[in-house]
Amino acid sequence: MSLTVPRFLVPFHPKSVPHFFTDVLVIGGGLAGLRAALAVDPKLSVVVIVKQEIKESNSNYAQGGVAAVIDPDDRVEDHAADTVEAGGTLCDPEVVERVVSEAPSRIRELIDWGTHFDKVGGQLALGREGGHGHRRIVHALGDATGREIMRVMILNVEQARNIEVWENTFTLDLLTLDGACRGALVWNGRHGKTMVWAKQTILATGGAGQLYRETTNPDVATGDGMAMAYRAGAELRDMEFMQFHPTVLYIAGGSRSLISEATRGEGAWLVDRHGHRFMPDYDPRAELAPRDVVSLAIVSQMEKTRHPNVYLDLTHLDRKRVLSRFPGIAAVCAEFDLDITRDRIPVRPGAHYMMGGVTVDLEGRTLVPNLWAAGEVTATGLHGANRLASNSLLEALVYGAHTGERASLAAAEVRDDFAASVIENPRFDVLTEPLHLADIRNSLQSLMWRSVGVRRDAEGLQEALESINHWCRYVLPRQFADPTGWELQNMLCVSRLMIEAALEREETRGAQFRLDFPQIDETHWHRHITFRR
Ligand SMILES: Cc1cc2nc3c(=O)[nH]c(=O)nc-3n(C[C@H](O)[C@H](O)[C@H](O)COP(=O)(O)OP(=O)(O)OC[C@H]3O[C@@H](n4cnc5c(N)ncnc54)[C@H](O)[C@@H]3O)c2cc1C
């Protein structure tokens, strides 16, 4: 299937923009991008582009931790089996095996670089999360694992003399010549558009939670990388699979903070407005069932009790343990006058993790020569139709390292050539009627939440597609001057692909629950839905 989108977001000409040359270009400075940059041979130059400050990424907000087999009683085969149990038959067994086997060494590497993971009695403290049959989640600062890992990654990148980070720089599009990637067109407030020429390019732009009104993702997660890869000719797949986190803080006026799954791992209950613990009514695994099961149960219970949320209850747990294990959650809730050791926390599901993305092989190679991809922007085959909790930081580490090493080897083979090329880009209809961009963005986010959320059906998806097609017709041909418009164009492009895939997949599988096709259909749907321009 294909969607007609202009090849580039903006027009440009090599004579009228500055040029920059690097060996390896990394687009995105979350965990995947920084791990990739650090894997490049120090003799080669690396530029990392991030659209806001480097600290602003999904990676920085990760709470629960990284899954790895550390306990001698645990087994790599069990971690792999739990991963496949969550993701189903769309998981690629070779990828699963590779990633989970590498987990312990990637954790050791982080420790060697200076990451302080939480310990008990001198040993790594291991948490347990939904879908894991064993305690195997390594965490830091209680519930601020991402912040601690990113502190160390950023420090290492700052100390690497071959790596430059360009903050507050928006990547508009990948540059391709004869079908191969040659770098990217970027924009910032100081230099305007710049053509960055690279021997090898790694895409690590993260996810797309911002397509939804309710999400745990920060503002940067607008799916830009998926949209630009699609425009450049890469393949996208599994776009129908967005994972909803069951427990996102729901307080009017408050941020949509994630309340970590680890709370349920420590024994927290989900209760409805009447105080009834409802999860055992839906699944024998109760609060430790996989995310999609818990999200669906919550939405059903909200409907049954006619209430906009349910509650997470930690009041029966040891007060001291709760406060030391979840200091971040306690602090956020305290801002809204909630004491998590005494009060129940109002929660509901929110868009959290995008399983779909750019198709890559075992090493992170995309279908566009010289273009690699790592992290949440990809669909590697690890998560299948549903990610197992705490497997995504791990995936970012593993694929970050592999793409960095591979891109480095490939770049070292190419001789220096500081010449810009002419890249054909079509003229634009510049429509001058101003648009209320925030209004369209809000409408899109609400529509996605309503019609492409936890539960879907053909009628809702079709209506959503028609609205988005209409918006696409007048937003995509326009030329905008700054990231607000470009993000909206990317969000529309990615939303459309997600809806097309969700409509096409007439079954319920993993994170996609179709009210009109409530069963899994292995006969017809044991396959990926792919898109290529
Ligand atoms: C609240 C929260 C909690 C989570 N907890 C966990 C957890 O406990 N365990 C776990 O395994 N996973 C967790 N996840 C998921 C995990 O954090 C992400 O999947 C992972 O960090 C993705 O890393 P990444 O490097 O691919 O992307 P990100 O960390 O999101 O980085 C994306 C980067 O791309 C840049 N970028 C994007 N678009 C552009 C553009 N157009 N131009 C330039 N730069 C661009 C951004 O600036 C950013 O630097 C959590 C996610 C959230 C939101």
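The values are calculated or read from the model by the stated rules, or taken from the named source; none is laboratory data. Just so it is clear, the structure is predicted and the values come from calculations on it, not from any experiment. Heads up, the Cβs are rebuilt from the backbone with ideal geometry, glycines too, and the neighbour counts pull from every protein chain shown. The area values use the complete protein model at the heavy-atom level, side chains included, leaving out ligands, DNA and RNA. Shrake-Rupley method; radii C 1.70, N 1.55, O 1.52, S 1.80 Å.
Values for this structure:
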{"quantity": "Top-ranked residue of the range 1-21 - restricted to ones that are closer than 22 Å to Thr378 by Cβ and open to solvent by 60 Å² or more (accessible area, probe 1.4 Å), ranked as modelled with the lowest pLDDT", "calculated": "Met1"}
{"quantity": "The range 128-157 - residue that is away from the ligand (no atom under 15 Å from the Cβ) and without any contact (Cβ under 8 Å) to a residue 60 or more places away in the chain and, of those, surrounded by the fewest Cβ atoms within 10 Å (Cβ to Cβ)", "calculated": "Leu155"}
{"quantity": "Any hit, the range 66-78, residues being buried (at least 18 other Cβ atoms within 10 Å of the Cβ), closer than 19 Å to Gly207 by Cα and touching a strand residue (DSSP E or B) at 6+ places or on another chain (Cβ under 7 Å)", "calculated": "yes"}
{"quantity": "Single residue of the range 128-170 satisfying the filter (in a strand (DSSP E or B) and of a type outside the set (Asp, Glu)) that is nearest to Gly265 (Cα to Cα)", "calculated": "Ile137"}
{"quantity": "Tally, over the range 351-389, of residues that are among the small types (Gly, Ala, Ser) and modelled with pLDDT under 95", "calculated": "1"}
{"quantity": "Pairs where the first residue, in the range 472-491, is more than 15 Å from Pro6 (Cβ to Cβ) and the second is within 13 Å of the ligand (Cβ to nearest atom) and among the acidic types (Asp, Glu), C-beta under 7 Å, 6+ apart", "calculated": "Glu487/Asp224"}
{"quantity": "Condition met for Ala198 (more than 9 Å from the ligand (Cβ to nearest atom), within 15 Å of Ile27 (Cβ to Cβ), open to solvent by less than 20 Å² (accessible area, probe 1.4 Å) and not in a loop (DSSP other than H, G, I, E, B))", "calculated": "yes"}
{"quantity": "Residue in the range 206-226 that is farther than 30 Å from Val293 by Cα and within 13 Å of the ligand (Cβ to nearest atom) present", "calculated": "no"}
{"quantity": "Tally, over the range 111-127, of residues that are surrounded by fewer than 22 Cβ atoms within 10 Å (Cβ to Cβ) and either in a loop (DSSP other than H, G, I, E, B) or in contact with a helix residue (DSSP H, G or I) (Cβ under 9 Å, 6 or more places away or on another chain) (or both)", "calculated": "10"}
{"quantity": "Matching residues in the range 247-260 - criterion: being more than 8 Å from the ligand (Cβ to nearest atom) and open to solvent by less than 20 Å² (accessible area, probe 1.4 Å)", "calculated": "Thr247, Val248, Leu249, Gly254, Ile259"}
{"quantity": "Filter result (at positive phi and within 13 Å of the ligand (Cβ to nearest atom)) within the range 47-90", "calculated": "Gly65"}
{"quantity": "Conditions (1) crowded, with 22+ Cβ neighbours inside 10 Å; (2) at pLDDT below 95; number of the one not met by Val430", "calculated": "(1)"}
{"quantity": "Verdict on Thr508 being over 14 Å from Thr222 (Cβ atoms), modelled with pLDDT of 95 or more and crowded, with 21+ Cβ neighbours inside 10 Å", "calculated": "yes"}
{"quantity": "Condition met for Glu487 (under 17 Å from Thr171 (Cβ atoms) and assigned to a helix (DSSP H, G or I))", "calculated": "yes"}
{"quantity": "Among (1) away from the ligand (no atom under 14 Å from the Cβ); (2) surrounded by fewer than 18 Cβ atoms within 10 Å (Cβ to Cβ) - the single one Val24 does not satisfy", "calculated": "(2)"}
{"quantity": "Condition met for Ala297 (within 13 Å of the ligand (Cβ to nearest atom) and open to solvent by less than 10 Å² (accessible area, probe 1.4 Å))", "calculated": "no"}
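Residue by residue, here is whether (1) open to solvent by 10 Å² or more (accessible area, probe 1.4 Å); (2) touching a Leu at 6+ places or on another chain (Cβ under 9 Å); (3) over 26 Å from Ser16 (Cα atoms) holds:
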residue: Thr176; (1), (2), (3): yes, yes, no
residue: Ala180; (1), (2), (3): yes, yes, no
residue: Arg190; (1), (2), (3): yes, no, no
residue: Ala208; (1), (2), (3): no, no, yes
residue: Gly225; (1), (2), (3): no, yes, no
residue: Met242; (1), (2), (3): no, yes, yes
residue: His245; (1), (2), (3): no, yes, yes
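Okay, residues lined up against (1) under 30 Å from Ala140 (Cβ atoms); (2) of a type in the set (Lys, Arg); (3) in a strand (DSSP E or B):
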position: Leu174; (1), (2), (3): no, no, yes
position: Trp187; (1), (2), (3): no, no, yes
position: Arg190; (1), (2), (3): no, yes, no
position: Gly206; (1), (2), (3): yes, no, no
position: Asp219; (1), (2), (3): yes, no, no
position: Leu236; (1), (2), (3): no, no, yes
position: Thr247; (1), (2), (3): yes, no, yes
position: Ala252; (1), (2), (3): no, no, no
position: Gly275; (1), (2), (3): no, no, no
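This table checks each residue for (1) without any contact (Cβ under 8 Å) to a residue 40 or more places away in the chain; (2) surrounded by fewer than 24 Cβ atoms within 10 Å (Cβ to Cβ).
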position	(1), (2)
Gly233	no, yes
Thr263	no, no
Arg277	yes, yes
Pro284	yes, yes
